[in-house]
Amino acid sequence: MVTMKQQDQEQFEKAKELLEPGTVTELGFVRSLYFGRLQLERLMPYPRPDEREEPRLADLLARLDEFLRTEVDAERIDIEERIPQRVIDGMGRLGVLGMTVPSTYGGGGFSHTAYCRVIERLSRHCASTAVLVGAHQSIGLKALLLNGTEEQKRQFLPDLAAGRKLAAFCLSEPEVGSDAANIQTRARLSADGTHWLITGQKRYATNAALAGFMTVMAQTPVEDNGKVRDRVTAFIVTPDAPGFELLSPNRSKCGIRGSWQATLRFTDMPVPLDRVLGEVGHGLRVALTVLDFGRCTLSAGCVSGARRALEMAVEHARTRQQFGRAIGRFHLVQQKIARMAELVYAMDAMTYLTAGLVDRHDPDLVLETAVCKLFCSEGSFRVIDDAVQIWGGEGYMREHGLERALRDARINRIVEGTTEVMTSFIALLGMKGVGEELEMVARAAHHPVENLGRLAAFARHGFDDVLRGHAHDHTLAQLDPELSEQGQTLARLTRRLARSVDHLLARYRQDITQMQLLQQRIAWSVADMYAIAAVLSRLQAQAVSARGNGHGREWARDLRLGKSFCHRAAARVDHHLSGLFHNRDREILALADAILGFEPEGASTQ
Ligand SMILES: Cc1cc2nc3c(=O)[nH]c(=O)nc-3n(C[C@H](O)[C@H](O)[C@H](O)COP(=O)(O)OP(=O)(O)OC[C@H]3O[C@@H](n4cnc5c(N)ncnc54)[C@H](O)[C@@H]3O)c2cc1C
């Protein structure tokens, strides 16, 4: 077995810090899958819109639609690379910029689900404007909402909710992107201990050039077991502080061109003590929690981009004639249309299921939001790319908006956790819990007499879950008969996943942290399984209401879509899980090493 090198060990320790989920009181749906538990009942019934806020939301959406139609020229925003101030002011007036802020602080007090619907609407019309709103509300002011003191909230939220000030979230730096724990910006206490002094640079900070409020992450010295260590702390920063410099307001880029990403420099910038968000040294957790919310709303933007592309593709496939027939008659085009429609249905089901779980304050959502982001950002890009292909040469032309949609959607695979980082994160965070349980059992097995109770509990539950699978049979039994085969398939995949994870952990132990091709198969298996579960939950809800109100046609169409998605996704999961133990990974990695001119690394041996 390969062993970890010193550098890998350090990375592993850092990764553990990033992965540490805090205290998880109950396992969420996705985390449970790794243990072989299919907790479908956690996802049923499919979340319904909140009836109390529906009229207010409908009113907001109607006013927003009108505003977008008359005031927001997305093409011009893209070409001119700026969102006019009157658009930002309009968003403030409509109440969009503060819709999730509680009414006590001047906001709309809307649910997360309602916010996702607004982001969908914005993204469909102008992705740049959606990014401005998202950077402000999903991440910029979120740490203040979640971790701010009452005084901080009273001081800043009213202006932010009304759009008098914009917010930005400043984590990334020239040398630090995905490796968030390695932030170089530092904050030290002033000699008299009356304030912090922050020094460093930030880049890609969306909205920062326009913002009056910034959440800034910096390393602070923290005492831990008698040793002083660097730990990230979140600070409130305002641009009027001495030592604050805007090095560049924006850089020209591929898509979402109207949104602005600033480069900032802080030089001994004084920040009052009461501008710390949360506790000193706990900033990484603050940042990761904020990103949990951001990932869910980002997914809503992905859904709308994909839905619009699907509609355009359908329209073109029906009307464009080649070889004497509509191109939609050709099987290779039909194959795309079917795949796109399934994906859009699954992405939508997953996004609004996850948003509903957020609104329900489910205690363990970190994996659900991460999977949602990964699945939707990859899915939407694929759907839009297929739409461009179906449109042929016209798809490549500016005037139809598909090429802008493709450029705009590309960023979703990079921000708020790149696809690669999310893939690794999802696999490792899920497996971490299983590894810990197995370690506990292994330790207990050395002293079986003292640990009889623990071992017996594992034998009763853990063993049973992994080998036979545990699903609340009553939830599976309650599924509409049309869905029972898909439910049984998901139960089978859950057992297979858990057995595979156990095998991997037994075989590779902590070296698994370096084996990203194996992680990828686990993460995508889990993503597809969560998607299947979301589709089943949505279809089950539709089945119930179709019976009640006779919406038979819609139900029949969606049932076909959902079943087809489940079939395809289950086949992918089986393929991924088979690939865990039979693959060409070693050859592929050796080839990459040769091309890169690297010496082969021990830990990459799979
Ligand atoms: C338009 C835009 C808006 C943004 N807005 C904000 C914002 O508002 N606030 C903010 O703080 N940041 C923002 N960012 C920064 C964004 O979050 C980062 O770009 C992102 O986290 C990736 O970091 P990076 O660009 O440094 O890439 P890197 O981390 O250098 O990654 C480069 C490549 O290496 C891969 N990689 C890195 N580490 C691993 C690993 N462990 N395993 C496998 N592959 C790996 C990545 O997946 C990627 O493919 C924005 C960026 C852009 C482009």
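Order these peptides, 474-484, 108-118, 524-534, by their mean beta-carbon neighbour count within 10 angstrom, highest first. Walk me through the numbers on the way to the answer.
Working: 474-484: 15.2, 108-118: 23.0, 524-534: 26.6.
Descending packing order for the listed peptides: 524-534, 108-118, 474-484.
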Self-check item: the range 78-186, Cα convex hull volume normalised per residue, Å³
Solution: 135 Å³
Self-check item: Relative contact order computed over the range 286-417 (Cα-Cα under 8 Å; 6+ residues apart), in percent
Solution: 36 percent
Practice problem: Quickly rank 582-588, 350-356 as a protection proxy: mean count of other C-beta atoms within 10 Å, highest first. | Solution: 350-356, 582-588
Quiz prompt | Over 22 Å between alpha carbons, listed pairs 336/563; 202/227; 202/373; 142/165; 142/202; 165/373 | solution = 202/227; 202/373; 165/373
Quiz item: Counting every Cα pair in the range 168-283, what percent are over 21 Å apart?
Solution: 34 percent
Quiz item: Tell me, how many Å apart are the Cα centres for the range 83-162 and for the range 494-529?
Solution: 38 Å
Exercise. Quick one: grab the alpha carbon gyration tensor of the range 273-323, order the square roots of its eigenvalues as a ≥ b ≥ c, and give me rounded if a/c is under 1.5, else prolate or oblate depending on whether a/b is larger than b/c.
Key: prolate
Self-check item: Relative frequency of Cα-Cα separations exceeding 41 Å in the chain, percent
Solution: 27 percent
Quiz prompt | Descending principal axes extents, the range 531-572, alpha-carbon based, whole Å | solution = 35, 16, 8
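Read the figures in this text as sums done on the coordinates, not as results from a lab. Note that the coordinates shown come from a computational prediction; the quantities given were computed from them, not determined experimentally. FYI the Cβ positions are ideal-geometry reconstructions off the backbone, even for glycines, and counts take in every protein chain you see.
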